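J.: Mind having a look at this structure? Questions to follow.
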Amino acid sequence: MSRDWDEYHLVEKRALDLFQELDYQVYDVEQGDSIPHRESKHQVLLLDKLRESLRRINPWLNENNLNKAVNQIRPAKIQATNLMDANEKVYEKLVQHISLQQDLGKGKKNQTVKYIDYNNPENNEFIALNQYTVQGKEKIRTDITVFINGLPIAVIECKNESTCNQPEEEAINQLQRYQDLRDYEADEGAEKLFYTNQFLVAAWGPSASAAPVGTPARHFREWKDPYPHTRDEIEELTDKEPNLQDILLFSIFKKENLLDLMQNFTVFEQEGNTLVKKTARYQQFRAVNKALDRIQTADSLADRNGTVWHTQGSGKSLSMLFLALKLRRMKELNNPTLLIVTDRVDLDRQITATFERCGFPNPKSAGGVEDLREKIKYGSGKTIMTTIHKFQLTAEEQNENKKRARSEEKIKYPVLNESENIFVMVDEAHRTQYKDLAFNMRRAMPNACYLGFTGTPIEKEERSTTRTFGGYIDTYTIEESVEDGATLPIKYEGRLPELKVEGNDLDEIFERAFADYSDEEKAEIKKKYATTQAIAEAPRRIEKICLDIINHWEEKIAPLKAQIVTTSRRAVAIYKEKLDELNAPQSIAIFSSGSKNDPPLIKKHHTPKDKQKQLIERFKKPDDPIKFLIVCDKLLTGFDAPVEQVMYLDKPLKEHNLLQAIARVNRRFENKNFGLIVDYYGGFDNLQEALAIFNEEDVENAATPVKDEEPRLQRRYRRVMRLFDGLNLDDLEECVLAFEDEDKRMEFKEAFKVFSESMDIVMPDPIADPYRDDLKTLAKVYRAVRNRYRDKSINVKGLGAKIRKIIDDHIQVSDISLLHEPVSILDEDKFDQVIKEKDKEEAKASEMEHAIRHTVNVKMEENPVFYQSLKERLEEIIEKQKQGRFDFTEKIEAMRGIINKMRNVRTKAEKLGLNEKEFALYELLEEESKTDNDSSEAVAEDRGEYEVNDDAEFKGNKELKELAQELMENLKEMAVVDWKKKQNKVLKPMKRMIMRKLYQYEKFRDDLDSLTTQIMKLAKNIL
């Protein structure tokens, strides 16, 4: 490969060039630059730079306090239980600053010490350097590390998409390893490098994605809009047409943006028992800053107002939080009053909880009508949370108005505060903002700034969100959200059309629902009760729907979860009863309220609010047996349960209510490729009316019929089948050999995955039937390819639950050895039988090669020196076969030598008088010493045969053998229960013991730290 096409030139250097244009100090090791001084690779901060910056930003600091400030931010001095805990503590110091006592001429007082000057970007030192090596639990070397004032605040991992099949995935995996966040038993990485970190970036040339520390791979996102700048400005700066990597790096790391994101767009939120760090996405950053720009540049008070339309599920609550944080910090606003308004008690609690969990300073909830008035009158500088319903007259005022004659002037809602320094943020701004309560709110604060946040704005003659709040400040549409991966596309289908409650079919449905009644009884019932709601609640109709729901859920949705939306509390109760009678999976019935006068059927399902909350939380958990949530009005808006994939809709919903409800299923979740609405009422015909207020391209993925997936299914089917042109699909071995090339395997993986996604969407609809047999055949090839090449990236994860079930069920009944889990090389009899059963020499060679690769990778940590030598030997054999120096028979024979070595490693250890663990340590010491040539066995140059000769003497290096045995004995004694977690009690003493032993040998002194680290890592892997 030409050097100009490697990772450095295509990705890393392009990024460094951009940092250069952004006026960072760039240190490029590849170009011969030396990075700033530090005492050792264990030191993650650039301490000299940190000291210089602290003096520059806080020139009054004396030497003693300078040292204290440095120590407070040093990773070694941070007391934390884990990486996220440490990162939060450091973040508070970086943004809230610290306080140190010092006399500045008026006696000793607490003085604020700043690590970063947020008000003057140029007063900080910005550095970008590559190949930064840090010694932690292991030695890591980051592609690019970004520093502010000597503090590493970002790590960028670069991958070349021309040599990596999944560059983003591989980059993120490496970032996870660096943080020691992977689900591995062995400790790895250098997590202290990330104590001060604010951004992780995976970059692969054409694009890049970013996320905060500790973020799972699925939450890394691209940054697509360079607001407040443009693509043209980036092109002018770099003299290149910008790609998505350039846009992300420019948008996040432009000095002003970076400081803004750190100070105003980062929060920590407690989710269950986990602390999660969240940073703004591009649409949130854009919307908040656009709102502030409008506030600051408006010609009049009314011109400050506006509407933020961000589609459901894209993070409106966090956008409001970020805006509140920034308003609170803007000095020119002189400590404004913030009012957060919702239209439902549960939403009020939800958004209040979000503010509180994210550490927002002291939000106050209004306790009632009069308490809200008091807070608005006298709450200058406070953040007040309320529902719109508290903007009503008091009970006394209402009674007084009833007494007054029509001619007398009625009591109006009072003016409470005429300040211009009040900012009102209204969540779900399309609702309850067009009548008396909203009028009262505006009368109470006539000069306030009103900002509406909505996912479904209304534009009608009598009700208009933009007319009420002002024109759009920012829009983030359904289509953009789906394209970015922030939300999932929604599909819908009609079921049991003969039971839909539509005007033309009312009589027919009535006859079906009341077939057991006499004509006289039916006439009386029809006269008295034959409303659409009564028909919808007919128990026989609901029973038939329940049976269809159970079958549909089992075939299409399980194990994900479902919400059933009904017309009334009575219908909720009937659905619950019928599901239980039909032995459906566990369900819960939730409705708003109950009274003693309710009929027995409804009363039976009354649930106290605290119990309701517990049940709802259980529903949200993927492993909980509750699978169905039955509601009528509750939980149709502001309810986030990502595990919910389907909504069974048996209720007439219109306009924004319909769009709000269906958005319950668009949240992302593992193995969930889409959200689904199943319509039993016939009300989904209102969808087009609901979408009419939007531009067609903005709502392209609002909800599309399942049947519309068929053309895409056909295209994806043709794409995957083209990979098998000229192959016999009935010959599994031939198909498997066709994917020996890793690039071709990845092409198959992607093509099969998207074909399976389309099948996941359409099944069990009959339009999937022509493709079912080929799906099963391809699944066999898919599984066999994974097994042959031991390729963990080829798996059924993410294909959808029912697709996985089809694959697993089909594989189980297929008596084909290729489909079973791979047999270990070390299982001598079974593996040799597998090889013997293969007819073709090429197939035998392929099985052996990839079995060796897998075993080497698995065993590498147990004896790195020994297995690295085998890995190199395998590569040598493969290269000879490629050059034509080996045919398949010779390749097989040479690989048998490697296999024999693997199987006889214990015997070799015993010949040296060692056990396998001591032998691994001995190999490490021998490799490091480079002095003993007698212990290496003779290996045939071309064949690589190795057999244990009982008569041969494997003396080895006596001195190193004794050292290995002594070290291993001491390590075992120190390796008490949970020793890997006991830093002070075990790990540090263990490390000191190793260093003392090694120091006795002059040949180990030059690289004492590195060898000690290697031995510690080996001990963690084998003890």
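Read-outs: derived from the displayed coordinates by stated rules, not from any lab. These numbers come from a predicted model, not from an experiment. Neighbour counts run over all protein chains shown; Cβ positions are idealised from the backbone, glycine included.
J.: Go through Lys491/Lys753; Lys611/Lys634; Lys958/Lys1003; Lys49/Lys278; Lys277/Lys621; Lys911/Lys997 and tell me which ones have a Cα-Cα distance over 23 Å in this structure.
T.: Lys49/Lys278; Lys911/Lys997
J.: May I pose another question? Explain nothing, just the number: relative contact order of segment 516-605, from Cα pairs under 8 Å at least 6 residues apart, as a whole percent.
T.: Worked out over segment 516-605, it gives 26 percent.
J.: Related question: If contacts are Cα pairs under 8 angstrom and at least 6 residues apart, what is the relative contact order of segment 3-271 in percent?
T.: 19
J.: DSSP loop GluC sites (Glu not before Pro) in segment 164-229 with at most 10 other Cβ atoms within 10 Å of their Cβ, which ones?
T.: Of the GluC sites (Glu not before Pro), the ones in loops of segment 164-229 whose Cβ has at most 10 other Cβ atoms within 10 Å are Glu185.
J.: If you don't mind, there's one more thing I want to ask. Rounded, prolate or oblate: pick one for segment 3-271, where a ≥ b ≥ c are the square roots of the eigenvalues of its C-alpha gyration tensor, a/c under 1.5 means rounded, and failing that, prolate if a/b is larger than b/c, else oblate.
T.: In terms of gyration-tensor shape, prolate.
J.: Using the alpha-carbon centroid of each, what span in Å lies between segment 528-583 and segment 154-172?
T.: 48
J.: Distance between Cα centroids, segment 273-313 to segment 599-669: provide it in whole Å.
T.: Answer, in whole Å: 29.
J.: Moving on to the next point. When Lys and Arg each count +1 and Asp and Glu each count -1, what net charge do the other residues less than 11 Å away from Phe669, Cβ to Cβ, add up to?
T.: My count for the surroundings of Phe669 gives +3.
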